[in-house]
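So the structure is just underneath, and the comments pick up after that.
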Amino acid sequence: MVFLSIPADYIPIAIMFVVAIGFVVTTIFVTHLLGPKRKSEIKLDTFECGIESQSNARLPFSIKYFLIAILFVLFDVEVIFMYPWAVNFLKLGLTGFIEMLLFVSLLMVGFIYIIRKGALKWE
Amino acid sequence: MNTIVILSVTGIAAMMSDVFKLKKALFGLSLLGLLIALVFSVYDWGQYATYFNQMVLTDNYAVVFTTMLIGITFLWFLMSKDFFSSHSSASEHYALILFSLTGGVMMTNFSDLTILFLGLEILSIALYILAGSDKGNLFSNEASLKYFMIGSFATGFLLFGIALIYGATSSFNLQEISAYVQQHNGSLPMYFYAGILMILTGLTFKVSAVPFHFWAPDVYDGSPTLVTTYMLSVVKMAAFAALYRLFIYCFAPVYEFWIPVFAIMSAVTMLLGNITAVYQKSLKRMLAYSSIAHAGYMLMALASPGGTSRSALMFYLLAYAISTLGVFNVLYQVHKVTGREEIKSVKGLFRKNPFAAIMLTLCMLSMAGIPPVAGFFGKYYMFVSTLNGGLTWLVLIAVLSSLIGVYFYFKVIIAAFQEPELENTAYYRQPSDLTVLYICGILSLLLGILPQFVAGLL
């Protein structure tokens, strides 16, 4: 296989860039021009999902939150591997099934490790 | 492939041993796992087998380097028995070392750029944590963070390079890339060469070659001494095995392009490493700079590929790793007793333990490259191979910088034979604490007397 690319092939990418930058620039400037300017205390406040903001974002918090969050990400991402496997389940056959069992059992080992180490204890 | 499986299972077992209250069995278990892996690795000799859809290729080159990696790690385990057992998280540290060894083995067996990337990451991520395993020490924290930041940056380069190579050749497989490059040599796009340079950058970061060495002294100096030992011996060996394998198996058809890069890098690395090492007062930092210098000598194998460069690189790495283990065994014991790591803190070693001083001398001579020890033949093979490659100027620079090296290596030898500065210099608590030094000294001598047995393997 020989791939010959000419500069014209990159035109879609260039258009993509222009659209992306254009969108950002438009939304930033046009909203300033079009929107009415009513400055009140609530309007200028930090938006925090509708809940009243508490304080500065950089406040110390318990490391346990961080640990739980990291572990959540780990076991959440694991499920992503199952989607392509489930779609191709028939094609992959028994080998694929055994490989998935191996993968899940390794994750299980990790899970046992986490529990026995007390990473999920909340005191 | 068996080796990779056994090592990862041993790693997982080591990790779980704490959970199941089997901490006492941890050390024996790790050693047993390493021994089994070693046997399986040697058993693969003479075979040419691919696994996982041609992603892993076990040939003699891979077998030799895998065996060396596991053997050196075995010695490392012997000398660090008490280090991790004093920590509360000993089992994690053992597991991390075993995992990083698995990554190293993957880096020597790869036949696919994705496996190279995977192996490098498994090797590195474990080490980022290990570098900071002395949690109370600020320098250890600094080393860990620095290593992590710069290592990730280097990995980014490597990945971008792999992506560009894939873009140019539409394959990750070494054989396919090589065949494609052979076929289309001369009409390859510019970004293929950019990809080679980026991969080169990413991997030479890991072997701490100038100009990508700035992280190395601080990381090697700040990490716990035994982790530094592991980095200098096993990690350097794995990274060089991967670098050489990649460029010889894959990019050999365009060697005119990358040879000058390696030649210049090699010359600058050994000069800078050796000259900076002269000014160090701390033994650990001096050895860190000397490891940069040794990376320069090893790069000579890539500056003149083909011929005997393969066995020269192998022999050099082996000689270097063995002498590093020996010297660091002394450094670790000295540090444990006196809490100091300067060159002058080995003073009085001969008075306390003459045999240990002689063994240390052998290891230091091996690093300096003086007969009759292994390091001399490492340098000899390397210089001969480079001369055959036609790079006389590089050999001249190498000889010159070796002469500089002799100066600071002899500072340590002289210190070992001087009168002790402090009264209480018991260099070891038990006689077995310096076993690895004795093994390494004798191995250096044996390799120096009978080099052809090992050098003839590849």
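Quick notes on this structure:
- Against the empirical 2.2 N^0.38 Å (N residues), the stretch A:7-117 has a Cα radius of gyration ratio of 1.87.
- Between the residues B:Val219, B:Met15, B:Ser345, the greatest Cα displacement towards the positive end of the dipole of the protein assembly as shown, with unit charges on the Cβ of Lys, Arg, Asp and Glu, is found for B:Ser345.
- Long-range tail of P(r) for the stretch B:131-193 (Cα pairs > 13 Å, %): 69 percent
- Only alpha carbons enter this Debye calculation for the protein assembly as shown, each as an equal point scatterer, and the log10 of I(q)/I(0) it gives at q = 0.08, 0.10, 0.11, 0.12 Å⁻¹ is -0.62, -0.92, -1.08, -1.24.
- Given charges at beta-carbon only (K, R positive; D, E negative), |dipole| of chain B in Debye: 800 debye
- In Å, descending, principal axis extents of the Cα set of the stretch B:2-97: 43, 26, 16
- Taking a Cβ cut-off of under 15 Å around B:Lys281, the surrounding Lys, Arg, Asp and Glu residues balance to a net charge of +2, with basic ones at +1 and acidic ones at -1.
- Ranking A:Ala86, A:Ile42, A:Val73 by how far each Cα lies toward the positive end of the dipole of the stretch A:7-117 (charges on Cβ) leaves A:Ile42 at the top.
- Largest to smallest principal axis extent of the C-alpha atoms in the stretch B:2-455, angstrom: 71, 56, 41
- Solution diffusion estimate, µm²/s, Stokes-Einstein, the stretch B:324-417, Kirkwood Rh from C-alpha pairs, 25 °C, viscosity 0.890 mPa s: 171 µm²/s
No value in this document is a laboratory result; all are computed from the given coordinates. Everything numeric here is computed off the predicted structure, so don't read it as measured data. Don't worry about glycine lacking a Cβ; one is built from the backbone with ideal geometry, like all the others, and counts go over all protein chains shown.
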